[in-house]
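Written below as structure tokens is the structure these notes are about.
The values are calculated or read from the model by the stated rules, or taken from the named source; none is laboratory data. Predicted model only: the values in this text are computed from it and were never measured. All Cβ positions, glycine included, derive from the backbone under ideal geometry; neighbour counts span all protein chains shown. Heads up: the accessible areas ignore ligands, DNA and RNA and are worked out on the full protein's heavy atoms, side chains in. Shrake-Rupley method; radii C 1.70, N 1.55, O 1.52, S 1.80 Å.
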Number of protein chains: 2
Amino acid sequence: MDILKFKQKSILQQLRSSYQPKLPAALQGPVKAVEGAATQSAGDQEDIKKLFPCTYGLPELTFVRDENAASIHSDEPCNVGVILSGGQAPGGHNVICGIFDGIKALNENSRLYGFLMGPEGLIEHDYKELTREIIDEYRNCGGFDMIGSGRTKLEKHEQFEKGLEIIMQLGIKAIVIIGGDDSNTNAAVLAEYYKAKNVPVQVIGVPKTIDGDLKNEKVEISFGFDTATKLYSELIGNVERDCNSAKKYWHFIKLMGRSASHIALECALQTQPNYCVIGEEVAAKGMYLDDVVNDIARVVAARAAKGRNYGTVLIPEGLVEFMPAMRKLIDELNDILAENPNFSKLHLDEQRDFVLSKLSPENKRRFETLPPTVARQLTLDRDPHGNVQLSLIETEKLLSEMVAKKLQKMKDEGRFVGKFKTQHHFFGYEGRCADPSNFDADYCYALGFNATMLINAGATGYMSAIRHLAKPATEWEAGGIPITMMMNMEHRNGKQKPVIKKALVDLNGKPFQVFANSRELWAKETCYIYPGPIQYFGSPEMCDQTSCTLYYEQGGK
Amino acid sequence: MDILKFKQKSILQQLRSSYQPKLPAALQGPVKAVEGAATQSAGDQEDIKKLFPCTYGLPELTFVRDENAASIHSDEPCNVGVILSGGQAPGGHNVICGIFDGIKALNENSRLYGFLMGPEGLIEHDYKELTREIIDEYRNCGGFDMIGSGRTKLEKHEQFEKGLEIIMQLGIKAIVIIGGDDSNTNAAVLAEYYKAKNVPVQVIGVPKTIDGDLKNEKVEISFGFDTATKLYSELIGNVERDCNSAKKYWHFIKLMGRSASHIALECALQTQPNYCVIGEEVAAKGMYLDDVVNDIARVVAARAAKGRNYGTVLIPEGLVEFMPAMRKLIDELNDILAENPNFSKLHLDEQRDFVLSKLSPENKRRFETLPPTVARQLTLDRDPHGNVQLSLIETEKLLSEMVAKKLQKMKDEGRFVGKFKTQHHFFGYEGRCADPSNFDADYCYALGFNATMLINAGATGYMSAIRHLAKPATEWEAGGIPITMMMNMEHRNGKQKPVIKKALVDLNGKPFQVFANSRELWAKETCYIYPGPIQYFGSPEMCDQTSCTLYYEQGGK
């Protein structure tokens, strides 16, 4: 009976498992890799070249149908180890399913090993073989629970050596690391290490993150972004509809996405809210918190003048990081608290007075303008290193409280005549493990299957790349990009390190431009769009739609 | 161009609008009403009878196919006015569409008027005619934005008279009030008033609320409950999957639903979390906050002992109301603050000391055990009458902080060996305006169409009733229940008033029993179910599934 309970699945889980992800035409048979020209890193070429002597400058690879080969079959089994690294993103399981189907297509005796709970599993030799039975349980479903994920950084030689032991023991030909920018950087370092050591172990990276900040001219989007933004847009649409029905609240919605505002921008394009803050724009214009607050208050007052005392505001999680003034305040707070370990024993009012007595005049003024609850958060909630945890700051409440204060002032001056009642939301964890949309299910499966083809072609230090994603899946292009090609040197923890450049929202790009051209209309009027829940069955027009960001980036009007 | 932007709709909105809701077979042609025996109110029969001399004791009505009638056509137009009252619930638009199609089937010259922003629209003569063009824009979609909703209570004779003016002016034969228990009570009062006055205006109620607390032996469920709980279960499932992938957080999830725990129970049955608090059980067992905290801590510790430092806890919004001890504390706090208007001018620490100095010893002890942030919430956030706003208490944080404290104590005693990191969520507004599930789309359309048949049969003071809801829609039974039949007398704002009895979770009912029999297994193991998003296209098994509550209540195993 216990077993039965464990096996129980929702009807959608059962029906969705039989979906067959679409593969690019190029991957639907024997392939050959066409080599492009030698590549360069995105920046600091000399430094990167020195750090990656064996894997620097490799050519881009593009797979085309091999008309001379009769089948994809290989005489040798192709054993692969797979690792999920970092935060969950919809589609991770399908990457693994794609790898599995790929190596089995090469040779039925190939084996797939999943290292458990992230890179830690490789180091600690904690793994399980992923049999067909296990794989079939997880096709097209969300989550990383098939093998779990973790945040251990794979960057030390001892770790690489420990990993090598189990790799050799299991006869693994290649490791596939599914992760974000840091994990893919580490994949490149690992590839270089094994190549330099001349051991026959390849390393392939797969671009994962809902945040959408792992992209560049070669990687159009990381997987998970599509599903997560569709899920958040479903919820935002529902809140907008509530807002437009009751007509009495301003909803302030914070969205996950780390520093970059890709998620907020995509959700804005999908749902047409009355306001959306884009962190990159705030930074480019050198805006202070007050400037953002004043602009939201302007929109609230303009709607109120027309009797519309309701609206929806989207706020990217990383907003505060884009405000130099806030950064300065936080840095000084960190220093003050570090120098005064007994601070936490003070009474609350004394804490505030103490902080105010220590801050520089400029930061003191800033601290005083913050709502008391937020000011308290800045001094109370600290990470294990004693630092302020930016992600814990309830920016949605911070902004709405400051807007309320501003509106009160405007009311006193006769410049605001309405009501301002608020509700707050934070959408994040709800979207990271959603069942993947058709787009992510297809994209991930192709990324995994393609990773196997890269392994079979002998590649190492490459990222699996599927492109022309705004086209139908069968027309997608498949291949591999040398990871070093995306790197430059950046200052991290006091050292110069090779890293994959994070992509911020491009203020000259089409997605932002469309948003910028529409937002005054969206602010004044009520132009909400209600995307509704992701649909898996029915017309391809509905089930296979891509994100607005991809659509606009690839020429949509 | 502006117009174009306004018209823009998501693909799902466009495709879903052509869904034809399923009608019970009995309503698919000319009907006749079969009268049952005279009815009695649920309690206080003499008092209710006195208050409703003209509408008390009416018979139940059941519609059957009228084999003698050739068509549903009526020579007279049937003009109807409709009002949405109270909080949004998925399906409201379909009730209105059902009424529209019903009166047009009776006579093509019938007109439907929507009173705007709730009962206020009737009183203020603020309305719009709902033409076919408007109706077709809103078929099968969520929200109440077609005519808006409001919370004005329709209970005074002046209001009834004001309403009557516009009703007569527009030639309206009947008013349909779509609302919760209070709004339906007011519908009965209005029906009685017009009947006593001998004006030819009928009043019909429709049972609406996501909370699921408007139900009884005659009304199986209010509309909106099905969709809202499916949406919340989608999100809970996603969070569970995240939880089971990262294996490092306990997620505390508060769910909307006012006092009763129907929503929490339904979501628990759909998603099998590790813990779910049921307010009615807490009350029945006379549990204190500490008892709930201790029980959650017990489950956390048991999982930790097996290395499972993660889990999901569901908490009903109304929990605190079910704790007599918390109610006493809040009542005393309200009194203290009312007697001390200068309280808010004190420093924070002084406020706390002041409150502690005034509270009775018993309540003082309770106040001291609360986490400081919650204790502050209890004294800071007050409604316009100066009362503590229970709905603003972040119960999810209250419980998790108290559990953390308890676990620390257990750790010191060697009874807890794990980690306890938490995340918090509140799901509410996200679900009230979701696009209705097939169940709610069908149920609401049938409720609306059926309301028209009740009007045509001359009924007033009735609630539209569709039953046997666990069966396929074509087999549903349609008819009307005298609203007085559901009433008893209750103490409200210092007076005895006739009200519809609110339904709490029945601890002897099948849904709770299934939960109670499974929960220890769900607590110990990881039995999560991931329902995924509501699907509108594809197999009926998936698209037409009813809630677990209905399924179990109507004999499912």
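A few comments on the model shown:
- Scanning residues 5 or more positions from residue A:197 or on other chains, none has an amide H under 5 Å from its amide H, with H placed 1.01 Å from N in the peptide plane.
- Partners for residue B:358 among lysines (Cα-Cα distance below 22 Å; same-chain residues under 8 apart left out): B:328, B:345
- Surface calculation, 1.4 Å probe, protein heavy atoms: residue B:452 sits at approximately 0 Å² accessible.
- Alpha-carbon centroids, region A:419-454 and region A:397-413: separation in whole Å: 35
- Taking the axis that rotates chain B onto chain A, the chain B residue nearest to it by Cβ, with the distance rounded to whole Å, is B:533, 2.
- Distances from residue A:421 to itself in the other copies, using label points 7 Å out along the Cα-Cβ axis, amount to 3.8 nm in increasing order.
- Here's the picture: charge each Lys and Arg Cβ at +1 and each Asp and Glu Cβ at -1 in the protein assembly as shown, and of A:555, A:274, B:551 the one pushed furthest to the positive end of that dipole is A:274.
- Only helical runs count toward this figure. For chain A, summing -39,500 (n - 2.57) over DSSP H runs of n ≥ 4 and dividing by all residues gives -13000 deg cm²/dmol at 222 nm.
- For residue A:335 and residue B:344, a Förster radius of 35 Å and the Cβ-Cβ distance give a FRET efficiency of 0.55, rounded to the nearest 0.05.
- Once the Cα atoms are used to define both axes, helix A:348-358 deviates from the longest principal axis of chain A by about 90 degrees.
- Note on residue A:449: accessible area approximately 20 square angstrom, rounded to 10, probe 1.4 Å, nucleic acids and ligands left out.
- Teacher prompt: residue A:170 distances to equivalent labels in other copies, 7 Å Cα→Cβ, nm: 6.9
- Take the accessible area of B alone and of A alone, subtract that of the pair with a 1.4 Å probe, and the total buried over both chains is about 5900 Å².
- Amide H within-cut-off set for residue B:127, under 5 Å, with H built and near neighbours excluded: B:116
- Other copies of residue B:9: label-to-label distances in nm, shortest first, labels 7 Å along the beta-carbon direction: 3.4
- Residues of type lysines that residue B:510 reaches as a straight line, Cα spacing below 22 Å, ignoring anything fewer than 8 places off in the same chain: A:5, A:9, B:215, B:218, B:230, B:285, B:471, B:501, B:502, B:557
- Of the listed residues A:275, B:127, the order by accessible area with a 1.4 Å probe, largest first, is B:127, A:275.
- Cross-link partners for residue A:406 among the aspartates and glutamates, with Cα-Cα distance under 14 Å and sequence neighbours closer than 8 places in the same chain left out: A:290, A:291, A:295.
- Förster radius 45 Å - calculated FRET efficiency between residue A:65 and residue A:284 (Cβ-Cβ, nearest 0.05): 0.50
- Nearest 10 degrees, 0 to 90: helix A:510-524 Cα axis against chain A principal axis: 30
- Looking at chain B, the accessible area is 38 square angstrom per residue; that uses a 1.4 Å probe and ignores ligands, DNA and RNA.
- Cα gyration tensor shape for region B:449-557, rounded if a/c is under 1.5, else prolate or oblate: oblate
- Estimated inter-spin distance, residue B:517 and residue B:488, nm [label 7 Å along Cα→Cβ]: 2.9
- Alpha-carbon centroids, region A:335-384 and region A:468-542: separation in whole Å: 38
- Atom-type composition of the exposed protein surface of region A:243-317 places 47 percent of the accessible area on carbon and sulfur (1.4 angstrom probe).
- Cα centroid separation, region A:245-313 to region A:77-92: 36 Å.
- Ranking B:44, A:213, B:295 from most to least accessible surface, computed with a 1.4 Å probe over the protein chains only, gives B:44, B:295, A:213.
- In Å², nearest 10: area of residue A:168 left accessible to a 1.4 Å probe: 100
- For region A:72-177: rounded, prolate or oblate by the Cα gyration tensor [a/c cutoff 1.5]: oblate
- Residues of region A:414-462 buried by at least 50 Å² of accessible area upon assembly of all protein chains, compared with the chain on its own (1.4 Å probe): A:429, A:430, A:433.
- Nearest-ten-degree value, helix A:262-271 long axis tilted from longest Cα axis of chain A: 70
- Per-residue 3J(HN,Hα) values for region A:200-215, derived from phi via the Karplus relation 6.51 cos²θ - 1.76 cosθ + 1.60 with θ = phi - 60°, read x, 10, 8, 10, 10, x, 10, x, 10, 3, 5, 5, x, 9, 9, 8 Hz in sequence order (x marks Gly and Pro).
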